[in-house]
Amino acid sequence: MLVLGIESSCDETGIAVYDTDAGLVAHTLFSQVDTHALYGGVVPEIASRDHIKRWIPLTRECLEQAQLKLEDLDAVAYTSGPGLAGALFTGAIAGRMLAWSLGIPALAVHHMEGHLLAPMLEAHSPSFPFICLLVSGGHTQLVRVDGLGQYKLLGDTLDDAAGEAFDKTAKLLGLGYPGGPKVANAALDGDPERFKFARPMTNRAGLEFSFSGLKTAAMTAWRQSEQSARDVADIAAGFQAAVVDTLAIKCLRALKQEHLTTLVASGGVAANAQLRNLLAKRVARIGGEVFYPRLEFCTDNGAMIALAGGLRLSGGQKPEQHFEVRPRWPVESLVPPQAS
Amino acid sequence: MKILAIDTATEACSVALQCDGEIRFRDTLEPRAHARVLLPMIEELMAEAGLSPAGLDAVAFGRGPGSFTGVRIATAAAQAVAYGVDIPALPVSSLALVAQQAVRKHGIEHAAVAMDARMGEVYWAAYSCLADGLMQLVGDERVLAPAAVTLPDTPNWTPVGSAWAVYPEALRHVRAGGVTQAAVTLPHAQDILPLAKLMLQRGEGVAAELALPVYLRNQVALTEAQRRTTD
């Protein structure tokens, strides 16, 4: 079965074709990151305006790469939430109506389920059950994954998402947008030991996160510093070390609590090299293994949406009867394909 | 000629289907339900006409101005059908739809269309009816403060559109010509059809990816550099 995936929940337009027998066939992506950098963050209306211009050219290009025609497709899967409402509407309506005009099934996909399953796009992929760290500009969650649609939320952030904390700290340090790569880059020359930021919420039990205090600590350090290039690098390094260490501590705690040894890290922040190194090291120590999507599939993309849609359809999920966009949609409310 | 028409640019949501000589339509005024009700309404019309998507000759839509998300719902839907079935898309101004409705309902020849654009502004355009019964734009479509709206003294313009009731004071200066109010406030997809037919005959259909919204309000945020200048 050939499934077209359409992703438009934030500032990336992603299109892909996934073959339920042979895996990913082709994918195309346009990231608006350079546009939003001018504004210091994502402007939802600008994101929506861009999606509607891009989705068809990207789909044509994707099908061309796959050497397929629209008529070859068996289903369309589109992101229906969570995300920015206006951005979601564009891709979701497009996907639903494209399926209708082709006379094929359409399936609404949960964006975070896409991220959860993204490592399964790789040849060496994890098997259920596993713990997934979903970490991006909008989310910081630990989820126990027992199978497709079997998700238990173990921990969430009480305030900022990790990626959001990176963005705000980058802005503070004058590094620009998006914060993740900018802070990571500045930290390369920094001394992570000079500013020892506390690892929030690690000194108490539980799997919750909180990053707003860390962001404030970085701000205080910055105000008290001479604000030199060295201070930028050192604060960036100290901040990154604190976020990464905190995430790793909670991942290990979740594995231990659930008696599991397989970890998946997905979402934009999972592209952070320090985080990857630290997780690999610590999970290896308990005899486990960490799986990541390839870097380009850590951030938003159409491939993970086509994959999630394909797995659900081949798992027996009925195409949807009614259309809905869900800007807020808890991942733990999902159910397995047969039950949907 | 078989044309599907979609308009979701305002709080009204409507679809219409021209199937040779017959016209069918559906509409609703349910707020924030456009995306949910759109496809069921289209499916009803198509089923009644015994038509499948592949039987369509073109898909027309209200391309704005209007609610940004609303305009994109109709646009994305029309793009998808045009792309999926490989037929031309026909983008029609939402303001022209209101003017065309004034012809249909009241035989009005000259319409001054003002739609509420929020933020203290109106979407504004003047239309005059040609011999073929189709409204033609006079001047430009604009988004501006109601007080800044101007209109030639002649002909005798009829105010139509939702903004006249929202800004009665601020628009008073353009009503001075002794014109009458008409009960034409929101666009309807059935008024796309006569305009779309002509566009299709003239070969004015566009490829799916070139069927794009017209927002008129084009600055929606300030860049950091612009904010620094403003401060």
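The values are calculated or read from the model by the stated rules, or taken from the named source; none is laboratory data. The shown structure was predicted, so the numbers you read here are calculated from the model rather than taken from an experiment. Methodologically, a virtual Cβ is constructed for each residue, glycine included, from the backbone with ideal geometry; neighbour enumeration extends over all protein chains shown. Heavy atoms of the whole protein, side chains included, go into the accessibility calculation; ligands, DNA and RNA do not. Shrake-Rupley method; radii C 1.70, N 1.55, O 1.52, S 1.80 Å.
Scanning the stretch B:211-221 for residues that are surrounded by 15 or more Cβ atoms within 10 Å (Cβ to Cβ) and either facing another protein chain (nearest Cβ under 9 Å) or aliphatic (A, V, I, L, M) (or both) yields a total of 7.
Check whether at least one residue in the stretch A:185-200 is over 26 Å from the mean Cα position of the chain (by Cα), open to solvent by 40 Å² or more (accessible area, probe 1.4 Å) and among the polar types (S, T, N, Q), and report yes or no. No, the stretch A:185-200 has no match at all. Just one of the listed residues (B:Gly133, B:Gly203) is loosely packed, with under 14 Cβ neighbours inside 10 Å, farther than 30 Å from A:Ala37 by Cα and in the same structural domain as B:Ala74 (by TED's automatic domain parsing), and it is B:Gly203. Residues in the stretch A:64-81 that are in contact with a strand residue (DSSP E or B) (Cβ under 8 Å, 6 or more places away or on another chain) and either more than 11 Å from chain B (Cβ to nearest Cβ) or surrounded by fewer than 17 Cβ atoms within 10 Å (Cβ to Cβ) (or both): A:Gln65, A:Ala66, A:Leu68, A:Asp72, A:Asp74, A:Ala75, A:Ala77, A:Thr79, A:Gly81. If you filter the stretch A:157-174 down to residues that are assigned to a loop (DSSP other than H, G, I, E, B) and surrounded by fewer than 20 Cβ atoms within 10 Å (Cβ to Cβ), you find that the one that is farthest from the chain's Cα centre (by Cα) is A:Gly174. Checking each residue in the stretch A:16-63 for being open to solvent by less than 20 Å² (accessible area, probe 1.4 Å) and more than 12 Å from every other protein chain (Cβ to nearest Cβ) picks out A:Ala16, A:Val17, A:Gly23, A:Ala26, A:Thr28, A:Gln32, A:Cys62. Could you go through the stretch B:198-207 and let me know if any residue there is within 14 Å of another protein chain (Cβ to nearest Cβ) and either outside any loop (DSSP other than H, G, I, E, B) or within 27 Å of B:Lys105 (Cα to Cα) (or both). Yes, the stretch B:198-207 contains at least one residue that is within 14 Å of another protein chain (Cβ to nearest Cβ) and either outside any loop (DSSP other than H, G, I, E, B) or within 27 Å of B:Lys105 (Cα to Cα) (or both). Checking the stated criteria, B:Gly70 turns out not to satisfy the condition of being more than 8 Å from every other protein chain (Cβ to nearest Cβ), out of contact with any Gly (no Cβ under 9 Å at 6 or more places or on another chain) and touching a residue at least 24 places away in the same chain (Cβ under 8 Å). Taking the stretch A:300-335 as the search range and keeping residues that are in contact (Cβ under 8 Å) with a residue 12 or more places away in the chain and in contact with a Lys or Arg (Cβ under 9 Å, 6 or more places away or on another chain), which one is nearest to A:Met1 (Cα to Cα)? Checked the stretch A:300-335; the qualifying residue nearest to A:Met1 (Cα to Cα) is A:Glu320.
Among the residues of the stretch A:314-325, is any in a helix (DSSP H, G or I), away from chain B (no Cβ under 14 Å) and of a type in the set (D, E, K, R)? No, there is no match, as no residue in the stretch A:314-325 is in a helix (DSSP H, G or I), away from chain B (no Cβ under 14 Å) and of a type in the set (D, E, K, R).
Taken over the stretch A:139-156, the criterion of being part of a loop (DSSP other than H, G, I, E, B) and in contact with a helix residue (DSSP H, G or I) (Cβ under 8 Å, 6 or more places away or on another chain) is satisfied by A:His139, A:Leu148, A:Gly149.
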